[in-house]
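Undergrad: Sharing a structure, written as structure tokens. Questions coming.
The values are calculated or read from the model by the stated rules, or taken from the named source; none is laboratory data. In this text, all values refer to a predicted model and were calculated from it rather than measured experimentally. Neighbour counts are summed over all protein chains in view; Cβ atoms, including those assigned to glycine, are modelled from backbone coordinates with ideal geometry. Protein only, heavy atoms only, side chains kept; ligands, DNA and RNA dropped before computing areas. Shrake-Rupley method; radii C 1.70, N 1.55, O 1.52, S 1.80 Å.
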Amino acid sequence: IGYGPVGKVVGEMLSENFIPFSAIDMNPSTVSAAVSQSIRCMFGDATKPELYEHMGVKSPERFVITISEEEVVERVIDAIRAKFPDQPVFVRAKDLHQQQLLLERGVRAMYPEDFETSLQLGAEVLKDC
């Protein structure tokens, strides 16, 4: 959920491992660009529980939230939990404080942005070696 720079990286990693995924984003330009590259990306407000039903999401294996706005993340988690209370949710956390709050909400995995950036930087360096 969220197909900005971080969402694209996660999507590419899934695709490279032949794992199908669907993306949701609120930016029409982002959705249009993804669709033009044959990415299954839909426009919608992921904070609305009815969106998942409207999209035909019946039994997802997991959710990945890459949105950076804390309040929106909380509302997306609420929407997911309303429809899919037992599905794992992976969330990008801004800092250790937000990470702790998300852990308390039952989110299965999340990483502080600094750590995530370090992993991405390291991966890029390895590609060049």
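Undergrad: Within the stretch 51-59, identify whether any single residue is farther than 16 Å from MET110 by Cβ, modelled with pLDDT under 95 and among the charged types (D, E, K, R), and answer yes or no.
TA: yes
Undergrad: May I ask you to say which residue of ILE80, ILE1 is over 24 Å from GLN120 (Cβ atoms), in contact with a Phe, Trp or Tyr (Cβ under 7 Å, 6 or more places away or on another chain) and β-branched (Val, Ile, Thr)?
TA: ILE80
Undergrad: Of all residues in the stretch 63-112, which are of a type in the set (Phe, Trp, Tyr) and either closer than 17 Å to PRO49 by Cα or in contact with a His (Cβ under 9 Å, 6 or more places away or on another chain) (or both)?
TA: Answer for the stretch 63-112, where residues must be of a type in the set (Phe, Trp, Tyr) and either closer than 17 Å to PRO49 by Cα or in contact with a His (Cβ under 9 Å, 6 or more places away or on another chain) (or both): PHE63, PHE84.
Undergrad: Here's a follow-up. Please identify the pairs in which a residue from the stretch 40-62 that is in contact (Cβ under 8 Å) with a residue 40 or more places away in the chain has its Cβ atom under 6 Å from the Cβ atom of a residue that is outside any loop (DSSP other than H, G, I, E, B), counting only partners at least 6 apart or on another chain.
TA: Taking only residues 6 or more apart or on different chains, the pairs are ALA46/ILE24; ALA46/VAL76.
Undergrad: Turning to a different aspect of this structure: Go through the stretch 55-91 and give me each residue that's open to solvent by 90 Å² or more (accessible area, probe 1.4 Å) and charged (D, E, K, R).
TA: Hits for the stretch 55-91 are LYS58, GLU61, ARG62, GLU69, GLU71, ARG75, ASP86.
Undergrad: Just a yes or no: is a residue in the stretch 77-94 of a type in the set (Asp, Glu) and assigned to a helix (DSSP H, G or I)?
TA: Within the stretch 77-94, one or more residues are of a type in the set (Asp, Glu) and assigned to a helix (DSSP H, G or I).
Undergrad: Could you go through the stretch 59-72 and let me know if any residue there is within 14 Å of the chain's Cα centre (by Cα) and over 26 Å from THR117 (Cα atoms).
TA: Yes, some residue in the stretch 59-72 is within 14 Å of the chain's Cα centre (by Cα) and over 26 Å from THR117 (Cα atoms).
Undergrad: Sticking with this structure for a sec: So is SER32 more than 22 Å from GLN98 (Cβ to Cβ) and in a loop (DSSP other than H, G, I, E, B) or not?
TA: Here the answer is no, as SER32 does not meet what is asked.
Conditions tested, residue by residue: (1) more than 22 Å from PRO5 (Cα to Cα); (2) open to solvent by 70 Å² or more (accessible area, probe 1.4 Å); (3) charged (D, E, K, R).
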residue: GLN37; (1), (2), (3): no, yes, no
residue: CYS41; (1), (2), (3): no, no, no
residue: PRO49; (1), (2), (3): yes, no, no
residue: ALA93; (1), (2), (3): no, no, no
residue: GLN100; (1), (2), (3): yes, yes, no
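Undergrad: Looking at (1) within 14 Å of the chain's Cα centre (by Cα); (2) at pLDDT below 95; (3) not aliphatic (A, V, I, L, M), which is the one condition that is false for ARG105?
TA: (1)
Undergrad: Give me the pairs, please: first residue somewhere in the stretch 1-22 and touching a residue at least 60 places away in the same chain (Cβ under 8 Å), second residue anywhere and part of a loop (DSSP other than H, G, I, E, B), beta-carbon distance under 6 Å, and either six or more positions apart or on two chains.
TA: The qualifying pairs are ILE1/ALA46; GLY2/THR66; GLY2/ILE67; VAL6/THR66.
Undergrad: Now a separate question. If I go through the stretch 74-102 residue by residue, how many of them are modelled with pLDDT of 90 or more and of a type in the set (Lys, Arg)?
TA: Result for the stretch 74-102: 3.
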